[in-house]
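**Student:** Pasting in a structure now, in structure tokens, and then I'll have a few things to ask.
The values are calculated or read from the model by the stated rules, or taken from the named source; none is laboratory data. Not measured: the values here are computed from a predicted model. Please note: Cβ atoms are built from the backbone with ideal geometry, for glycine as well, and neighbour counts cover all protein chains shown. Remember, those area values only see protein heavy atoms, side chains included, never the ligands or the DNA or RNA. Shrake-Rupley method; radii C 1.70, N 1.55, O 1.52, S 1.80 Å.
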Amino acid sequence: MRPPWFFNLRADAAAILLAGPLVSLALYLAVQQRGPSFLLCALAFALLLDLPHVLHTYIRLFANPADFHRHRQSFWRSLLILALLCSALGTLGQYAILVTIWVYWQPYHVCKQHFGVATLYARKSGYKHSTRHVLLLLICGFAAPLLYRLCHGGFRFGQYQLFGQSLPFSGLQVYTPPLPAWSAGIGYAVFGLAALVYMAREYQAARRAAGLPRFVNLMLAIVLILYNAAYLLISDLYALILIATSVHAIQYHLVCASTVRNLYAQPSEQDNAASPLLHALQRGVRYLTRHPLAWCGALLMASLLVLCSELPTLGILPLIVVLHHFYLDGVIWKRS
């Protein structure tokens, strides 16, 4: 039987159950200082965790030319559409529309990843039953705080200055539909009902020794607590997003690194139609898997290049990369 971990119990627990909450706590404390400390922490988070997790999607896809060949049309078509859309809206000065797309797509993207990872852990542990109750819990647990924020102040970025220059989204107000305050109450009532259904089902399953692994239950509890706390306690949109997605970013590193490692542990699937460039990329990724320091260094340098484009491109290039990551994740990880 396969081990029920991506690496091992200690590494998985440290990455998902410990590192994510600690990063969220550090960001929350930095926000409370109301000074440059938060922006420095946010910059470190973006450089060391957030952008590398976005770029890990490309490593995962380029690791196998045959795999890229299967998704090449979706890859290039989505990249072209997103690049044209972002460039056009940026040229027209409609930056608020771009940021609005990002803000509302991001919770769905994070929710789906947590569901996927919970399902992977469950299957690795031999769980053979439906995981629809997990998806229901996560959807309700993510929708309720989103409704609360929409009804209580909406989404607004704070004022950020980096090296004397304002960031492109500094002070930006994201479009929020007019919703009555009681909408949030209904959202949390539905979330509470979904949580009760989840706990009742898991209690009955545990009595038959057929429940989800405890690790999955603990991971889901941490994810939902952090996400709801961020939306309920933090009004600054940038801080809210970083705190709410800390576990998500670290979790994705773990999944991608494990997937690429396992891919190269098996006989490679050849694709004679792949270009020499793709084969060269695969050889480069294979080299990185054998040298962890080089892997981290390459991700860091690529993230630094994207981050440095923030001000010259008015945030357009980073948004293209992030939105492309959102889309690709729904393609390359989709189960048949």
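**Student:** Just one of the numbered conditions (1) open to solvent by less than 30 Å² (accessible area, probe 1.4 Å); (2) in contact (Cβ under 8 Å) with a residue 40 or more places away in the chain is not true of Leu48; which one?
**Tutor:** If we test Leu48 against (1) open to solvent by less than 30 Å² (accessible area, probe 1.4 Å); (2) in contact (Cβ under 8 Å) with a residue 40 or more places away in the chain, just (1) comes out false.
**Student:** Could you look through the range 20-40, keep only residues that are open to solvent by 30 Å² or more (accessible area, probe 1.4 Å) and modelled with pLDDT of 85 or more, and pick out the one that is farthest from Val255 (Cα to Cα)?
**Tutor:** Leu29
**Student:** Any idea which residue in the range 145-195 is farthest from Cys308 (Cα to Cα), counting only those that are polar (S, T, N, Q) and out of contact with any Gly (no Cβ under 6 Å at 6 or more places or on another chain)?
**Tutor:** Pass one, the range 145-195, residues polar (S, T, N, Q): 159, 161, 165-166, 170, 173, 176, 183.
From the residues that got through so far, the ones that are out of contact with any Gly (no Cβ under 6 Å at 6 or more places or on another chain) too are 161, 165-166, 170, 173, 183.
Values: Gln161: 14, Gln165: 13, Ser166: 14, Ser170: 17, Gln173: 24, Ser183: 40 Å.
Restricting to residues being polar (S, T, N, Q) and out of contact with any Gly (no Cβ under 6 Å at 6 or more places or on another chain), the top hit is Ser183.
**Student:** So which residues in the range 150-165 are in a loop (DSSP other than H, G, I, E, B) and either out of contact with any helix residue (DSSP H, G or I) (no Cβ under 9 Å at 6 or more places or on another chain) or open to solvent by less than 40 Å² (accessible area, probe 1.4 Å) (or both)?
**Tutor:** Filtering the range 150-165 down to residues in a loop (DSSP other than H, G, I, E, B) leaves 152-154, 157-160, 163-164.
Result: Gly153, Gly154, Phe157, Gly158, Gln159, Tyr160, Phe163, Gly164.
**Student:** Would you pick out the residues in the range 176-198 that are among the aromatic types (Phe, Trp, Tyr) and either open to solvent by less than 50 Å² (accessible area, probe 1.4 Å) or at pLDDT 95 or above (or both)?
**Tutor:** Of the range 176-198, the ones among the aromatic types (Phe, Trp, Tyr) are 182, 188, 191, 198.
Within the range 176-198, Tyr188, Phe191, Tyr198 meet the criteria.
**Student:** Here's another thing I want to ask about it. In the range 296-314, how many are modelled with pLDDT under 85 and under 20 Å from the mean Cα position of the chain (by Cα)? Even if it seems obvious, please write down each step before you answer.
**Tutor:** Step one: list which residues in the range 296-314 are modelled with pLDDT under 85, which gives 310-314.
From the residues that got through so far, the ones that are under 20 Å from the mean Cα position of the chain (by Cα) too are 310.
Counting residues in the range 296-314 that are modelled with pLDDT under 85 and under 20 Å from the mean Cα position of the chain (by Cα) gives 1.
**Student:** Next question. Kindly provide the set of residues from the range 63-91 that are within 13 Å of Leu328 (Cβ to Cβ) and of a type in the set (Val, Ile, Thr), ordered by number. Before you say what the answer is, go through the steps one by one.
**Tutor:** Of the range 63-91, the ones within 13 Å of Leu328 (Cβ to Cβ) are 67-68, 70-79, 81-82.
The answer is Ile81, and nothing else.
**Student:** Moving on. What tally of residues in the range 50-69 results from selecting those that are over 22 Å from the mean Cα position of the chain (by Cα) and either over 24 Å from Leu254 (Cα atoms) or at pLDDT 90 or above (or both)?
**Tutor:** 1
**Student:** Follow-up question, since we're still on this one. Could you tell me whether any residue of the range 136-149 is over 19 Å from Tyr198 (Cβ atoms), out of contact with any helix residue (DSSP H, G or I) (no Cβ under 9 Å at 6 or more places or on another chain) and not hydrophobic (A, V, I, L, M, F, W, C)?
**Tutor:** no
**Student:** Among all residue pairs at least 6 apart or on different chains, which show Cβ distances below 9 Å where the first residue, located in the range 262-289, is modelled with pLDDT of 60 or more and the second is open to solvent by 40 Å² or more (accessible area, probe 1.4 Å) and in a loop (DSSP other than H, G, I, E, B)?
**Tutor:** Leu263/Glu269; Gln282/Ser268; Arg286/Ser268
**Student:** Every residue in the range 277-321 that is open to solvent by less than 50 Å² (accessible area, probe 1.4 Å), under 21 Å from Ala46 (Cβ atoms) and in contact with a Pro (Cβ under 6 Å, 6 or more places away or on another chain), please.
**Tutor:** Hits for the range 277-321 are Leu299, Ser303, Val306, Glu310, Gly315.
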